[in-house]
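Accompanying notes for the structure given below.
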């Protein structure tokens, strides 16, 4: 279907009506012009100019003949011979002939009137005929008296005819004058008409050209429209998505073949231009195209229609043939709806795979977590025996065996010292192994989100005191000085008491471990942005710049492992970082080799009253 | 008056270690009893009415938490002190132990001198 087809037809009809009107106008104009010219000619014809001339000619001829008749009479008067009288009679015959002509013109009583002229000449001619033929009162036709009478009569007639001729001249002149004027006027009018006709012709030509141009423009526009239409269709066809457009009445206006032949191929019959969206849906239900539509078809229909009328984002439909289709419906500005169908079967397949993989990964993670918990438990039991019996062995050695041993035997003394040292090593390494087990489990719990956190405002002085007390034996044993510098009016920090103490103990223990002599300083201060910082600075061996990033990584004790005896688990600082970051803070190190190290961490200040901020985060198991 | 301490532990090595850790209390008139599983422990508690029970958590037949909960409901054993000795060191285990009515909760590996000190404190032999 071509939208706008009706309009085009309409414009055609309109233009044909215009053309008909134009032709009618032209015909009327032509008839008008012809009629006008015809009437004008008729008018001039009615003025009888030719008859006037003819009559004048008749009159002149009559006058000339009369004159010759008169001349013949004069000659006969001078010599009244039969011959001359005969001559008069001949001329009389000419005049009579003239009279006959005039009589035949009686019907046209125009200029001076043929009848009037006839009436002037006829009596003289009749008298002359009688006198010249039969004589008068016994006088012979050649009698000078008679000739004189004839002469007088003809002269008189001559004079009257002359008067009439003069008058006729004048009248003819007037007629000619008027005729000339009228002709001139007619010419003017004709000129006007000509101009009008020319203007009309120009107008017609202009209109025709314009119409031609308009037609051409229409044709071009139509071609452009068709080209645009076909390009649009091509574009729609080239996409792998199904495309359809429904108008405000939910009738299908346009759809690409992908929509009809791929996404709705099983209900293709229902997908025709003009089909209603609901009819298509009913076809989908009837053929059970989509999984689940048969169970509650009316409910599904209502749901689909509501989503179509008020789209809330794309929906995914599972087809009975296993395909998954994403349907994206959007309202257009004029109340229509654009529908785009995409094949997401592959995406869906991957999603399912990913979900499986994720579940698998989670299962692996949980298995790992369980494994670690079990391993740690299984390690604890033998460790308990090793550490416990080593201690009991030493205790029995010191309190029971050694008092019975004779002093002074060098070999025996050496053996006793070795036993003591070996037992110390067993205890020390056993402790290290215990700590490793604990650390691994701690880290695992934090990473798996299984750690139970109790977040509350913490008094920094108390935290530092507790950590210092816990590590007192360590730094006293090495003879290190321990300094505390805690800023006055320090706000509380927000964190988990046990974990923050754990971090600080760890930092102090590390400082002690890497500081052969000197001092350890623990400082606390407020930072900008409602933060509280605690730092531990030592005067120990320091950490090379390139190693500083690595120390927070698991199992990365830095330094020369060949010359420096490893101690600790390699998990202390990673655990510290996990704890501090979990609590929303940050832990950093500043150090240079031989200059000592400074570890610092900050936590958010507990600026809000404690009972409002007191919260407990319990990770779900 | 003689005090009785019951050791409930299924692992023979650990039971031996606990006995050796506190055996010096025998010189102070403390009687040390031992059980190898939960049911035996519960039966001994009810029969002997010890002052203190050193209770392992993961034991055959009946776990330590259950033993503790059961004996707390029995008037004959209501006064007995309980110290859990367990490899289950996680905080929710600790919380469960406290909920079951334990006086102390020690995670393995424990050190004999620490155990002895705790036992002394709880049975009131600090002066020794």
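Axis of helix A:82-104 versus longest Cα principal axis of chain A: the two differ by about 30°, to the nearest ten degrees. Note on the range A:177-333: Rg/Rh from C-alpha atoms, Kirkwood Rh, equals 1.53. Restricting everything to alpha-carbon atoms, can you work out Rg to Rh for the range A:280-380 with a Kirkwood hydrodynamic radius? Expressed as Rg/Rh, it is 1.29. Ellipsoid fit via the Cα gyration tensor, the range A:333-462: semi-axes of 63, 20, 10 Å, each the root of five times an eigenvalue, largest first. Take each residue of peptide A:383-395, count the partner chain Cβ atoms within 10 Å of its Cβ, and average: the result is 6. Counted residue by residue at 0.36 nm each, then reduced by the alpha carbon distance between them, the extension gain from residue A:189 to residue A:398 reaches 59.7 nm.
Could you give me D for the protein assembly as shown, from Stokes-Einstein at 4 °C and 1.567 mPa s, where the hydrodynamic radius is the Kirkwood radius over C-alpha pairs? Units µm² s⁻¹, please.
31 µm²/s
Taking every Cα-Cα distance in the range A:458-549 and sorting them into 5 Å bins starting at zero, the pair-distance distribution P(r) comes out as 3, 13, 25, 23, 17, 14, 6, 1 percent.
Taking only the C-alpha atoms of the range A:83-226, Rg followed by Dmax gives 34.0, 118 Å. Mean separation of Cα pairs under 8 Å and 6 or more residues apart, divided by the residue count, gives the range A:398-546 a relative contact order of 20 percent.
Inter-chain Cβ neighbour count for B:16-28, averaged per residue, equals 2 (cutoff 10 Å, partner chain atoms only). Here the sum of -39500 (n - 2.57) over DSSP H runs of 4 or more residues, divided by the residues of the protein assembly as shown, equals -20000 deg cm²/dmol at 222 nm, to the nearest 500. Dimensions of the range A:231-304 from C-alpha coordinates, computed as largest minus smallest value along each principal axis and given longest first, are 42, 24, 19 Å. Packing-based ranking of A:436-442, A:508-514, B:43-49, A:344-350 yields A:508-514, A:436-442, B:43-49, A:344-350, ordered from highest to lowest mean Cβ neighbour count within 10 Å. Against the empirical curve 2.2 N^0.38 Å, the C-alpha radius of gyration of the range A:400-497 lands at a ratio of 1.75. Whole-percent P(r), the range A:321-376, all Cα pairs, 10 Å bins from 0: 20, 24, 20, 17, 12, 6, 2. Computed over the Cα atoms of the range A:496-538, the ratio of the radius of gyration to the Kirkwood radius (Rg/Rh) comes to 1.05. Once the gyration tensor of the Cα atoms in the range B:4-89 is diagonalised, the equivalent ellipsoid follows with semi-axes of 18, 16, 10 Å, ordered largest first.
Per-residue packing, averaged as other Cβ atoms within 10 Å, sorts the ranges A:145-158, A:293-306, A:393-406, B:110-123 into the order A:145-158, B:110-123, A:293-306, A:393-406, beginning with the highest. Computed over chain B, relative contact order equals 24 percent, with contacts defined as Cα pairs under 8 Å that lie 6+ residues apart. Between helix A:410-447 and chain A there is an angle of about 20 degrees, using the helix long axis and the longest principal axis of the Cα atoms.
Relative to the longest principal axis of the C-alpha atoms of chain A, give the angle of the C-alpha long axis of helix A:49-78, reported between 0 and 90° and rounded to the nearest 10°. Once rounded, the angle reads 20 degrees. All alpha carbon pair distances within the range A:428-584 were sorted into 10 Å bins beginning at 0; the resulting P(r) in whole percents reads 10, 37, 39, 13, 1. Using C-alpha pairs below 8 Å separated by at least 6 residues, the relative contact order for chain A is 8 percent.
With the Cα gyration tensor of the range A:166-218 in hand, give its eigenvalues times 5 under a square root as the equivalent ellipsoid semi-axes, listed largest first in whole angstrom.
Details: eigenvalues 478, 4, 3 Å².
After scaling each eigenvalue by five and taking roots: 49, 5, 4 Å.
Taking a ≥ b ≥ c as the square roots of the Cα gyration tensor eigenvalues, with a/c under 1.5 meaning rounded and otherwise prolate when a/b beats b/c, else oblate, which class fits the range A:265-312? In terms of gyration-tensor shape, oblate.
Values quoted throughout were computed directly from the atomic coordinates according to the rules given, and no laboratory measurement underlies them. Everything numeric in this text was worked out from a predicted model, so none of it was measured. Glycine gets a Cβ as well: all are built from the backbone with ideal geometry, and neighbour counts include every protein chain shown.
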